[in-house]
1. Residues in segment 232-255 that are surrounded by fewer than 16 Cβ atoms within 10 Å (Cβ to Cβ) and in contact (Cβ under 8 Å) with a residue 40 or more places away in the chain: how many?
2. Considering every residue within segment 131-144, establish whether at least one is in contact with a Leu (Cβ under 8 Å, 6 or more places away or on another chain), in a loop (DSSP other than H, G, I, E, B) and buried (at least 17 other Cβ atoms within 10 Å of the Cβ).
3. Need the failing condition index for Tyr239 against (1) within 27 Å of Gly123 (Cα to Cα); (2) more than 22 Å from the chain's Cα centre (by Cα), just the number.
4. Identify the single condition in (1) surrounded by 11 or more Cβ atoms within 10 Å (Cβ to Cβ); (2) out of contact with any strand residue (DSSP E or B) (no Cβ under 7 Å at 6 or more places or on another chain) that Gln38 does not satisfy, given that it satisfies every other one.
5. Mind checking whether some residue in segment 169-180 is without any contact (Cβ under 8 Å) to a residue 24 or more places away in the chain and not aliphatic (A, V, I, L, M)?
6. I want to confirm something. Restricting to segment 133-154 and keeping residues that are within 15 Å of Tyr239 (Cα to Cα) and not aliphatic (A, V, I, L, M), which single residue is nearest to the chain's Cα centre (by Cα)?
7. When only residues in segment 64-75 that are in a helix (DSSP H, G or I) and in contact with a helix residue (DSSP H, G or I) (Cβ under 9 Å, 6 or more places away or on another chain) count, which is surrounded by the fewest Cβ atoms within 10 Å (Cβ to Cβ)?
8. Pull out all pairs, ordered by first then second residue, where Cβ-Cβ is under 8 Å, the residues are six or more apart or on different chains, the first lies in segment 202-231 and is buried (at least 18 other Cβ atoms within 10 Å of the Cβ), and the second is outside any helix (DSSP H, G or I) and at pLDDT 80 or above.
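The values are calculated or read from the model by the stated rules, or taken from the named source; none is laboratory data. Quantities reported herein were computed from a predicted structural model and do not represent experimental measurements. Positions of Cβ are backbone-derived with ideal geometry, glycine not excepted, and every protein chain shown enters the neighbour counts.
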Amino acid sequence: MAAYWRKTWPFHVLLLPALVLVFLFQYVPLFGAVIAFQDYEPWLGIKGSPWVGFEHFRYLFTYPDGKQIIWNTLIIAGFKLIANLIVPIVFALLLNEVRKMFFKRFVQTFVYLPHFLSWVILGGILIDILSTEGGIINRLLNSFGIQSVFFLGDGRWFRFTVILSDVWKEFGFSAIIFLATLVGINPALYEAAEIDGATRWQQVKLISVPLMMPIVIVVATLSLGRILDAGFDQILNIYNPLVYSHGDIIDTFVYREGLNNGQFSFGTAVGLFKSAIGFILIVISYRMAFKLANYRIF
């Protein structure tokens, strides 16, 4: 052990600043979660605010829109999870079959770009192109005799728009891990299959897909821990009161009630509830990843 520390202590020193920042900005603020059990008033502070126990948690489940908000979160996050798994896999399989390297690299770069743009920028773009008055999408629909669709103001279309736009933004970057898996497959397997007369489709079906399954299982199970993260920054930038019944999620609800309306204790209670459920799901997902794909973090 002493020899190990003599060799690795410089790396631990390099890691120390990051650990300090994580501790200060991720763990120290956790002590503020105590206000979820208080009727917190800023001028009284944490020590002076009266305790109310689990009153705010009970209010969450009796809140008129509480169940709908949780349901919205599960629907949007669930469909995002499924779509952001299937689309990158299909894209990686298709791109892996491209033999023109210039075209392959061009496509990779092109589909990666949206990932690096913030939802503040993309939200403005979506609002512009989906507008019922002059938006390019509705102008295209009108040219085919189809009536304009209020994508961001109609609850029936809002969830679809959120999920589709998130997939468009992330599928290229998410495909990297699957492309790396495909690149790592032994070429001799494809050569042997080709000698046996297997078509490209059969090679994909019998070699590529089965060898991708362990990493697919790992990605899918670990994604379960984020099932309550439906995309705060995305929805905050494109939603409006017209679609609260279909698009309001836990995070936007906490932001609106906790900060905008000054209900700090209630907002903290909702956030703490989400964090507790998320922690349980993360533990379950890691156990599933270990059982199904022998994946472990240490």
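1. 4
2. No: zero hits.
3. So the condition that Tyr239 fails would be (2).
4. (2)
5. Among the residues of segment 169-180, not one is without any contact (Cβ under 8 Å) to a residue 24 or more places away in the chain and not aliphatic (A, V, I, L, M), which makes the answer no.
6. Ranking the qualifying residues of segment 133-154, first place goes to Phe151.
7. Among residues in segment 64-75 that are in a helix (DSSP H, G or I) and in contact with a helix residue (DSSP H, G or I) (Cβ under 9 Å, 6 or more places away or on another chain), the one surrounded by the fewest Cβ atoms within 10 Å (Cβ to Cβ) is Lys67.
8. Listed pairs, sorted by first residue: Val204/Glu97; Ile207/Ile185; Ser208/Ile185; Ala230/Ile249; Gly231/Ile249.
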